[in-house]
1. Can you say what percent of the DSSP beta bridges in region 49-258, counting only those with both residues inside, are antiparallel? Round to 5.
2. If I stretch the segment between residue 64 and residue 11 completely, what's the gain in nm (0.36 nm per residue apart, minus their alpha carbon distance), one decimal?
3. Take the alpha-carbon centre of region 356-419, take the same for region 226-278, and report the distance between them in whole Å.
4. Using alpha carbons only, how many angstrom separate the centre of region 1-69 from the centre of region 83-98?
5. Residue 420 to residue 250: extension gain in nm, 0.36 nm per residue of separation minus the Cα-Cα distance?
6. Give me the percent relative contact order of the chain, please, defined on Cα pairs under 8 angstrom at least 6 residues apart.
7. Round to a whole angstrom and tell me the spacing of the C-alpha centers of region 103-117 and region 444-507.
8. Can you sort 17, 59, 227 from fewest to most other Cβ atoms within 10 Å of each residue's own Cβ?
């Protein structure tokens, strides 16, 4: 059994807390009375993933077994989640490899020859050959890459088709191979409840023409929260698209969940409660803390990006989209939910070095904002952990560092739009259409490894709900210029940030520290 999530209140004798701060660490003693919420321990994994995958394909939910859907001469498309999850990337063999190998076994046994594999990128950057090989393994790569295993291209006008519009006028466009095929098998890894279900297709295999409907400031402002799909306006839009899509395309979903074993032993201090540290854990922390303080940021970043997580599969289910995803969410919540009584005036969060859009890359200021106000703030079900008008404090140096290959339109938006305003609705009004259709950004997206020109807008919009809800945001250790440009305050220490927060929430604030990573959720009552 896993260790349940722990909610504790610090006493004067409590140890200092370790905060993640990008490619380094922040270590500081918190005030007595601070509520600390620790994640649950890893859920027990499936003993034999291959047996579980086979069972799921033979006994799917509300669909025929996979082998009954396969026949000679058919056009079979297998799509799979890209490198944006899980985080950190998992040790080999990746779950995607295990599932796709089973699907291919059944296809070969039925004489299926016309098979394509597509990395469902949406507006994300193209995966490199090495990244694909890590996810899929040598056998699949040698058999299919590059002619029949490739990255989805949202800007290939000839190979994206419009299927129609939802009852609210939302355009449903998808990859032509998917739309005109006999069967789509979608292979998913659900690390957090936000992903999976209809979202897999309608962000991964759809162009800007569709994504623009559910990635807007207003839609994201009414998403309460991203991790609670029934209360998410974004998921509402995506589900409407999914219902129309299902009228045109036969899709067999295979969804998996993983536990939160995010770090190998040498880095386990990042996930382990401080009161559970032994001598080895403490020595590992001190060695890494000192090293990252002394070495150049680029070197420490490469070390952290090399971490591969010992994630293990906790469930696999297959069949029709909605029942499959409902079971997936049940397993997600089993791993991640921690019940919490009441909101706080102030919420403290350490910001990890990695997010879905900087794997093997750089977490630039827009991605720091996205991680803090988009992902971490939304790790709740019911109501936010911080009260309306409260203050969110994060720890991150947030330098103005950008990866020129991966994030070219981020750089331009940072120097153009955000130099003028940090109002996300004003930015959307002034700049989104131009960046979305810029021919140079399209070229870089299609032929290099750049995120789509409009992608930096979508990551800003994810902060909409938090910006509407909060009374202030403070970055501990944040670069003076970058924090000011994004509209945040800064402090040198957590203690200083808590003093600044009192100007907003009053002289005796209640304070909660949510101890991430690994990611988990609070069910706030």
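Readers should treat all values here as calculations from the given coordinates under stated rules, not as data from a laboratory. Because the structure is a prediction, the values reported are computed rather than measured. No Cβ is skipped: glycine too gets one built from the backbone with ideal geometry, and neighbour counts run over all protein chains shown.
1. Antiparallel: roughly 20 percent of the beta bridges in region 49-258.
2. Values: separation 53, 0.36 × 53 = 19.08 nm, distance 5.73 nm.
So the extension gain works out to 13.3 nm.
3. Region 356-419 and region 226-278 have Cα centres separated by 19 Å.
4. Answer, in whole Å: 16.
5. Details: separation 170, 0.36 × 170 = 61.20 nm, distance 4.68 nm.
Here the segment from residue 420 to residue 250 would lengthen by 56.5 nm.
6. Working: 1123 pairs, mean separation 110.9, N = 525.
Answer for the chain is 21 percent.
7. 47
8. Details: 17 20, 59 11, 227 24.
Lowest to highest Cβ neighbour count: 59, 17, 227.
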